[in-house]
Amino acid sequence: MQRSRRVVVVVGALIGAALGLAGCAGSDGGGSSDSTTGETHPPVAEATRADVAVFDPDTVSDDGPLTTDLVDPAWLDATASATGIPRRALEGYAGAALAVADTDAGCHLGWNTLAAIGWVESHHGTIFDGEIGPDGRTTAPIFGVQLNGGGFQEIPDTDGGAVDGDTEWDRAVGPMQIVPATWAAWAAEANGDGVPDIHSIDDASLTAADYLCYTGGDLSTEAGWRGAIAGYNESPAYLDEVLDYAIRYAQAADEG
């Protein structure tokens, strides 16, 4: 599968953070540990070892399939049941992980890392009583708080409100909580309609996956995984929570 990729350094842009959930930027919420205290995080290897069920690369055309076409339906059923992740959300995470495995084999991004980010950012699109619909879009738009420096990063408006509806300050948007400047640089199209949609779990997950791979390089390494998550949100508490859920999901899938 071939996809174009924009290699752009987004100075000051933060993917994620801004719903006020525990572990988001600016939060001093709990986590398993903090590197400044000398305590040890759970092993990152536990968060990077999860694989999606095998798909047949011979079925991938040069033009590229939908990312959801890459995911084995039986694997989806079993893993959604074992982890409690809504099936349609899981389809977006797993499809994105498989897509970048094809376009960036050295990245080693696990579906469970994307799922952990999706949980922390929007509870898999279910925050504010919404959900991911059958088409992959959130049933209602998800907008984070104003990034006005009041406990969160300060990002004055960059998009004239076109993405986040706010002409004064930027807000993180969609199920993966991506800020407008980052979306402008990295927006990916995953569901075949030709138009990147920040409210689509497929497009947002693929965008996040590309950005994580660019930021972290090889996510099978300790430094790579931590660097990728720090690029998404630099809060140590955020890293702890993502790590915790990535491990939980990998273990639940194995046990299921």
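Values as computed for the structure displayed
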item: Full-extension gain in nm, ALA185 to ALA230, via 0.36 nm per residue minus C-alpha separation; result: 14.4 nm
item: Segments 224-236, 83-95, 201-213 sorted - mean Cβ within 10 Å per residue, highest first; result: 201-213, 83-95, 224-236
item: Label-reachable residues, segment 127-153, where backbone N falls under 19 Å from a point 7 Å from THR167's Cα toward its Cβ; result: 146-148
item: Long-range tail of P(r) for segment 166-256 (Cα pairs > 21 Å, %); result: 40 percent
item: Sorted peptide list for 138-145, 245-252, criterion being average Cβ within 10 angstrom, highest first; result: 245-252, 138-145
item: Charge sum, other residues only, whose C-beta stays under 13 Å from GLY227's C-beta, Lys/Arg counted +1 and Asp/Glu -1; result: -2
item: Relative pair counts by distance (%), Cα atoms of segment 85-244, 5 Å bins; result: 2, 10, 19, 23, 22, 15, 8, 1, 0
item: Gyration tensor verdict on segment 57-170 (Cα atoms; rounded if a/c is under 1.5, prolate if a/b is larger than b/c, oblate otherwise); result: prolate
item: Accessible area, probe 1.4 Å, largest first, for residues ASP254, ASP197; result: ASP254, ASP197
item: Percent of C-alpha pairs per 5 Å bin, segment 144-197, short to long; result: 5, 22, 28, 23, 12, 7, 3, 1
item: Length gained when the stretch GLU255-ASP69 is fully extended (0.36 nm per residue, less Cα-Cα span); result: 64.4 nm
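The values are calculated or read from the model by the stated rules, or taken from the named source; none is laboratory data. Bear in mind the structure is a predicted one, so any value in this text is a computation, not a measurement. Note: ideal-geometry Cβ built from the backbone for every residue, glycine included; neighbour counts use all protein chains shown. Ligands, DNA and RNA are stripped out before the accessible areas are found, and what is left, the full protein with its side chains, is counted by its heavy atoms. Shrake-Rupley method; radii C 1.70, N 1.55, O 1.52, S 1.80 Å.
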